[in-house]
Structure formats: structure tokens, C-alpha cells
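Nothing in this text is a laboratory measurement; each read-out follows from the coordinates by a stated rule. Here the structure is a predicted model, which means the values were calculated and not measured. Note that we place each Cβ from the backbone using ideal geometry, even for glycine, and neighbour counts take in every protein chain shown.
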Amino acid sequence: MKQTSIINIALYAILMGVFFLPFNSWEGLPFLGEFYRDSCFLFFIAASFFALLKRKIKIPIKNIVFQFLILLIVWCFIATLLNSMTVAEYFFKQTTGLERFINQYGALLICSIILPITFFNIFYLADLNRLLYTIRKVILASFIIVLIYAFFEILIVKFGMQDLKIKVLNLFDYFPFTEAKTDSLLNRISSVTFEPPALGTYLLSIAGWMFSYIITSKSSWRFFPSIAVILLAFVSGSRAAFFIIIIQSLAFLYILLKDVKHSKALLNITVALTLIASCFSLAFSNQIYEYARNEIASFKLDDSDHSRSNRSRFGIQVAMYKVFLENPVAGTGYGLQAFESRKKYPNWAKKNNWEFRLRYSNQQEKRFPPGYNIYLRFLSETGVVGFLIFLALLLHVFFWCYNNFRKHNIYSVIIFISMIGFSMNWLKMDSLRIYAFWICLAIIFAIDYKKLNNA
């Protein structure tokens, strides 16, 4: 097979993976471990296979972001090695400490090494401007399907049009990696993802790409993708995601404000948002008041509807912080904090909380409790050293964006907005399985590689 054909096939596989980023509502493939629901992962792994058929795999070893990434991976191993005596004694949820480490470290290597290197080896060979528009078109095409599903889901969940479930929504069962479902009990929207927070993570991941249409397109429809992202985040019921996307929107408006050539776009956005907000407020004033009241109440830790979820999340984070205090330098070892934090859940979090009893403390339930915070996870599992390395990695990505703003690099805008989303979202989740993040890093690697080699 010709080299160009191999590269094209790998690129098409990556683009297919980008298209299927949100499609994870299917039953999945259990043998893939924590990747079992991620349909995009199947295409990304296929792309990795074809990338290996290239004559030479390039490693962006001179890139400082990549260097911090390697340093983080190495320290995760060293931190675990320093805890080898206790790791050997761990046993929880029918899993030994060694088994847990191998599983988690393997997932880390896949996410942080195999995937970004695959993306980089294909991206640096492409015309990056053309690649931008191609990726964005693929994201938009996928997002339109997400919107169509969400539209009917809203009619069913919010307006009680249950007949649409059988007549329309169930047709999505024939769409790959999708299982038609609704959540009429909690009144939340998840579209083609498996739950509302997953939809929220997807929306904040694509926000930068959709916002960029405002800068690069002259079409009157250039505002539609941005507005659709914000509105869907609002109606989804994912409080954190909506808040994060609002912050992303404000950051994007600030970028427009700093650039004179985008002043007209900023004026149009301001007028449009003012009109939309005014009409929305007048039409749904009672609903907005009720929504705001419920959202404020949702953060209580008493017997509110959201108390169980809040107590679980905050309780686990408190326990992780206690683990860090006992292991401040090297932590417990990568992927292993649950073995220690399960002993440190505060009583106020466990009281009258079936989640702890049936999910987190239950030895028969093999799934480990999530950490709900990547920063606390690195603190508890890799100590202050691993945490600082991870923080340095993120900061260098932000520095890269800042340095490229002045060059009017649209990629820097997209990645900056995306990084705001990723960084804030990691305050409520502990997984590095956010594929859009690794795509952003690969784009940085490709841009810097081309600059270095004057390509």
C-alpha cells in the first residue's frame, strides 16, 4: 500500500472518530475497559494501526508541552514504584493494587502517548489551514445530529410528547453506537451521549470550534453553532457545563474585543444576545426564576433532591484531600487513591446515602468510585510533584495560545477556549479520556514542528 494511501486512510479514521465523539449511549464493548462506550476510540485506534504502517513515526520530543507530558507519565510510574510495598497489599472491589495500576496506567499511556502521537503523525503532513476547516465541518455535521436528537428529546421530556419516542426517537436505534432513550424522571437531556454530564463535556469540548465560525465565516449563519451550543447546554440540565460554556463565551467575547477587525462581529453578537435574552426573559420569566431557585437549592447538602449527588461528590473529594495530606510527596501511586480514600469518607457524606453503600463501598460492585476532580486525583495519587507537573503542562498550553494570539492564529483561539473548558471541567471529573484535549495537543505539536522545520 502506498504511503499517501496509508496516511489518507489514517486521516479518514481520525475524522470518523471526531464525528463519533458524542456517540456513547450504546452498550459498548466491555473488553475495552474504561474505553468501552467510546465509539470514537475504535476509529482512533484504527488510525493508530495505519499510522504504524508509515515508514517512520515521528515523536515531538523538542516540544516543551510534550516534554512535560512525558515527565508526568514517568513520575506517575515512579510515584507508584515508591509505594510498591503498600500497592502489593491493596485489595478492593475484587481487584489487587497491581491490577488496578496496570489498568489505569495502560489507559494513561493510550490517552497521552498513543493517541496524540497518532494524531500528530497525520496532522503535520497535512495543510493545517485546510485541516482546521475539515475538522470543524466534521464536528458541525456531528453536532447537527446531536441537536436533532436533542430537539425531539426536549419535546418528549419537557413537553410530554411521548408519542415521539416511538415514532421518531426510536429510529436512532438504527444509527451506529446510539441507543434511543429519554430521562423523563429527572427532566434532563443527554442526546446521543449516555448522560447529561457527558453531553456537557462534549459541548464544552466543541465550543471553541463552533465559536470560531464567527471569526472565519461571513455567512449569516455563522452565529448559529455558537448559540446552539449555549442553548443546548442550558436545557440539558448539566449545571456545571452551562456555567463553563458561559465562561468560554465571555473569554471569546474578550478576544473579539481585543481585535479591532472583529469589532463588527462583536457588535452583532452583543445586539443579537441582548434581543434574544430580552425576548427569552419576557417569555419565560417564571421558568427562569424557578430554574435559578432550583439551581441554588441544588448545591445544598441537606435533604434536597440533589443532596445525595452533592454529598457523594464533595465527600469523595474531601477523602482524596485527606489521602494527599498523608502522602504529600508521591501520593498513593497512580490510579490507587480509592484504596485509601474509601477509609476516609466523611460521615456527613455517607449518612442516608445509598451511593456509598451500593456503589462505592460495595465489594461486589467492581466499578471503582470516581474521583470527580482531576487535580485532587493527581495530588492524592502522585503527590505535589505530579500535580505541579500536570499544572505546568496545562499552563504551557495556555502560554502557547497567548504567544500565538498576536499572530492571528485561529487555532490558538480554538485551543484557548477549549482549554478553559477542559481545565474547569476537570474540577468535576477525574478522567483524562477527553479526546478533544489530545487533538488540541497534537495540533500544537504539528504547528510547532512545521515552524521548527520551516515546512
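Quick notes on this structure:
- Whole-number D in µm² s⁻¹ for the stretch 3-52, Kirkwood Cα-pair radius fed into Stokes-Einstein, 4 °C, 1.567 mPa s: 116
- The helix-based estimate of mean residue ellipticity at 222 nm for the chain, built from -39,500 (n - 2.57) per DSSP H run of four or more residues and divided by its residue count, is -21000 deg cm²/dmol to the nearest 500.
- Divide the volume of the convex hull around the Cα atoms of the stretch 1-86 by the residue count and you get 164 Å³ per residue.
- Contact order normalised by residue count of the stretch 82-235, Cα under 8 Å, 6+ apart, percent: 15
- 5 Å binning of all Cα-Cα separations within the stretch 51-135, expressed as whole percents from 0 upward: 3, 11, 17, 17, 16, 12, 9, 8, 5, 3, 1
- The three principal axes of the C-alpha atoms in the stretch 53-203 carry coordinate ranges of 58, 49, 26 Å, sorted with the longest axis first.
- Scanning the chain for chymotrypsin sites (Phe, Trp or Tyr not before Pro) that sit in a DSSP loop and have at most 13 other Cβ atoms within 10 Å, the longest stretch containing none of them is 1-158.
- Exposure rule at most 16 other beta-carbon atoms within 10 Å, DSSP loop GluC sites (Glu not before Pro): the chain longest free segment: 180-364
- Relative contact order computed over the chain (Cα-Cα under 8 Å; 6+ residues apart), in percent: 21
- Distance between the 7 Å Cα→Cβ label points at Leu257 and Ile410: 2.4 nm.
- The convex hull defined by the C-alpha atoms of the stretch 162-252 has an orientation-averaged projected area of 6.9 nm².
- Square roots of five times the Cα gyration tensor eigenvalues for the stretch 326-384, Å: 22, 12, 9
- Length available on full extension from Asn129 to Leu275: 0.36 nm per residue minus the Cα-Cα distance, which gives 49.1 nm.
- Rg/Rh for the stretch 313-455, where both radii come from Cα atoms and Rh is the Kirkwood radius: 1.10
- Simple spin-label estimate for Gln94 and Asn310 gives 3.5 nm between the two label positions (7 Å along the Cα-to-Cβ direction from each Cα).
- In loop segments of the stretch 1-94 as defined by DSSP, the trypsin sites (Lys or Arg not before Pro) with at most 15 further C-beta atoms inside 10 Å of their C-beta are Lys2, Lys54, Arg55, Lys56, Lys58, Lys62.
- Among the trypsin sites (Lys or Arg not before Pro) within the stretch 110-184, those in coil by DSSP and having at most 14 neighbouring Cβ atoms inside 10 Å are Lys158.
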